[in-house]
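Have a look at the structure below before the remarks.
Derivation of every value follows stated rules applied to the coordinates shown; laboratory data play no part. Given the structure is predicted, the values throughout are model-derived calculations rather than measurements. Here Cβ is always computed from backbone atoms with ideal geometry, including for glycine, and neighbour counts include all displayed protein chains.
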């Protein structure tokens, strides 16, 4: 009796593009890790479940130091998916792969490039009417109605975030674009994480634990006490956070 053998199904594969957070370790690593720990105290879940790339350019460390660094990051729930500009001695089995095509992404420009890409030429029926061009897609805005309580987090890398309520202490917002809070802002806000330097943060009542735009941030301890409780706008100027009281 001959058994019926099925042919193996076809293998399907495709490509994916995604946004990843880039960490750039500095020597001495002990001091860099202490700075990272101070950041994680304010935002313990910021890297949790997110793809992370290590930017290794100019970092001269041994293979043992590199393995130790990966282990210390893993203990902090930071899982490294790949590295950029790594020394050749830091490549091997059981180590993150090296990538060479990583670049800082501006989400709005990415949408504009996709909208301007030429359409494939397809022969149309002679009598078919020409359809008007579709409007270019814009980054999406995420609306959250109600308060954001301690421990809750909003992550929206595709555009702006608008909260119609209060953001409590211990709550967190991570946005690719700008953040608007129509209430008291007592938690932490990360705006412009997709690389947009023009991202801003607006709130009706400023009591934030931390405000961050791109790579610059300011904590509650560093804010002007005269701005507390005011309606403010935070923007990035000269690589630093500037806070302006709104009248």
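Full extension of the chain between residue 48 and residue 34 yields a length gain of 3.2 nm, computed as 0.36 nm times the residue separation minus the alpha carbon distance. For segment 32-57 versus segment 170-247, the spacing of their alpha-carbon centroids is 19 Å.
The C-alpha radius of gyration of segment 142-245, expressed as a fraction of 2.2 N^0.38 Å, stands at 0.93.
The gain in end-to-end length when the residue 233 to residue 76 segment is fully stretched comes to 53.3 nm, 0.36 nm per residue minus the alpha carbon separation.
If R0 is 45 Å, the Cβ-Cβ spacing of residue 89 and residue 247 corresponds to a FRET efficiency of close to 0.20.
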